[in-house]
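Heads up, the thing below is written out as structure tokens.
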Amino acid sequence: MAPLDVVADRIREAHRLTVLSGAGISAASGIPTFRGGDGLWRRVRAETIATPEAFAADPRLVWEWYDWRRQMLLAARPNPAHEVLARWTRSRPGVTLVTQNVDGLLERAGADPIVRLHGSIWHLRCCQPCAAGRDDWRDETAPLATLPPRCPHCGGIARPAVTWFGEPLDLEALDEAAGASRACDVFLAVGTSALVYPAAGLLPHARAHGAVTVEINTETTGASDLVDVALRGKAEEVLAAIDKRLDS
Ligand code: NAD
């Protein structure tokens, strides 16, 4: 049986399916991944700019990078990878969609619910906890009127409500993702380089608890040797092909 048919069968039979998605699912929407050659901005690598240290040193520079990404995203549209995954969250019982993406494209495709491990580029929060401004707020303006943007409550500098390199993940989201990885029959990692921990630990966790593990990626990754089935190809094409088989 062809690997695509095997995966479609496993997903059809699964009581619980957990999907971990990464930047690769947004590539077809024109959004650069971090590790691809096209992910550079002013010759700066994400790992050096998406950090608390970089923000402390130059908040405006870091915000210029986020503002660039936000403008790119505002002009982008969800692609079939987002659409298939979003549809599964609504129409297939037992699906948990976990994403490392901060771009909001899965949400725009209608994914609900969704476990966001690294926050959202469309949410801001005050750097200094202030009386009224502790919660994140949503701001979809791009470009932003002032860089760095200010907390509407105390006037202090605001930051993007995303998890930067070196910062801990949102514990509630991580717990939910780990629980769904333990409990699933099938674990699908799609468009992720499987390098950024703790998200990268979810697949081995699922495997240790008996899940069939599948990877969809254009390239070989650190997870490729671990998975039961590695599907080489573009997420937007492979997911659409699986979805078609589920329907037939
Ligand atoms: P990554 O950039 O490290 O890896 C992207 C992976 O996607 C690579 O393995 C690449 O081979 C694969 N890929 C590229 N195009 C593909 C396609 N069309 N179909 C399938 N696979 C494809 O991204 P990551 O693993 O998600 O982790 C890095 C961190 O980067 C995360 O913390 C995430 O928050 C952040 N990030 C997010 C976005 C976004 O929100 N769109 C974009 C870049 C990075």
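The values are calculated or read from the model by the stated rules, or taken from the named source; none is laboratory data. The structure presented is a predicted model; accordingly, all values stated were derived computationally and were not measured. Cβ: placed from backbone, ideal geometry, glycine included. Neighbour counts: every protein chain shown. Just the protein is used for accessible areas: all its heavy atoms, side chains included, with ligands, DNA and RNA removed. Shrake-Rupley method; radii C 1.70, N 1.55, O 1.52, S 1.80 Å.
Using 1/(1 + (r/R0)^6) with R0 = 35 angstrom and r between the beta carbons of ALA208 and ARG108, what's the FRET efficiency to the nearest 0.05?
Values: r = 34 Å, r/R0 = 0.97.
That pair, ALA208 with ARG108, gives E of 0.55.
Using just the Cα positions, wrap the stretch 159-234 in a convex hull and report its mean projected area in square nanometres, one decimal place. Show your work: numbers first, answer last.
Values: hull surface 22.2 nm².
Mean orientational projected area (the stretch 159-234, Cα hull): 5.6 nm².
Per residue, how large is the accessible surface of the stretch 60-158? Use a 1.4 angstrom probe and give square angstrom. Each step should come with its number before you reach the end.
Numbers: 4520 Å² over 99 residues.
I get 46 Å² per residue for the stretch 60-158.
Estimated at 0.36 nm per residue, the fully extended path between LEU195 and ARG150 surpasses their Cα-Cα distance by 12.9 nm. About the centre of its Cα atoms, the chain shows a dipole size close to 340 debye [charges on the beta carbon of Lys, Arg (+1) and Asp, Glu (-1) only; nearest 20 debye]. Across the chain the C-alpha pair distances fall into 10 Å bins from zero in the proportions 7, 31, 35, 19, 7, 1, 0 percent. Treating r as the C-beta distance of GLN128 and THR48 and R0 as 22 Å, the FRET efficiency rounds to 0.35. Each stretch of four or more DSSP H residues adds -39500 (n - 2.57); spread over every residue of the chain, this sum gives -10000 deg cm²/dmol at 222 nm. Taking every alpha-carbon pair under 8 Å whose residues sit at least 6 apart, the stretch 1-134 reaches a relative contact order of 25 percent.
Starting from 0.36 nm per residue, how many nanometres of slack lie between MET1 and ALA240 once their C-alpha separation is accounted for?
Working: separation 239, 0.36 × 239 = 86.04 nm, distance 1.85 nm.
Extra length available between MET1 and ALA240 comes to 84.2 nm.
The long axis of helix 171-183 is offset from the longest Cα principal axis of the chain by roughly 0 degrees. Computed extension gain for GLU172 through ARG12, at 0.36 nm per residue and net of the alpha carbon distance, reaches 54.7 nm.
Residues in the stretch 206-221 carry Karplus couplings, in order, of 5, 4, 5, 9, x, 6, 6, 10, 9, 10, 10, 7, 6, 10, 6, 10 Hz; the curve used is 6.51 cos²θ - 1.76 cosθ + 1.60 with θ = phi - 60°, and Gly or Pro positions show x.
Run the numbers on the chain and let me know its relative contact order in percent, using alpha-carbon pairs under 8 Å that are six or more apart.
25 percent
One equal scatterer on each Cα of the stretch 1-109, no solvent, Debye formula: the resulting log10 I(q)/I(0) at q = 0.19 Å⁻¹ is -1.01. The heavy atoms of ARG108 offer some 110 square angstrom of accessible surface to a 1.4 angstrom probe. At a Cβ-Cβ separation cutoff of 4.7 angstrom, cysteine residues of the chain with no neighbouring cysteine are CYS127, CYS184. In order along the stretch 135-143, the phi-based Karplus estimate (6.51 cos²θ - 1.76 cosθ + 1.60, θ = phi - 60°) of 3J(HN,Hα) comes to 7, 5, 10, 8, 9, 9, 6, 8, x Hz; Gly and Pro are listed as x. Reducing the stretch 63-127 and the stretch 170-217 to their Cα centroids gives an inter-centroid distance of 18 Å.
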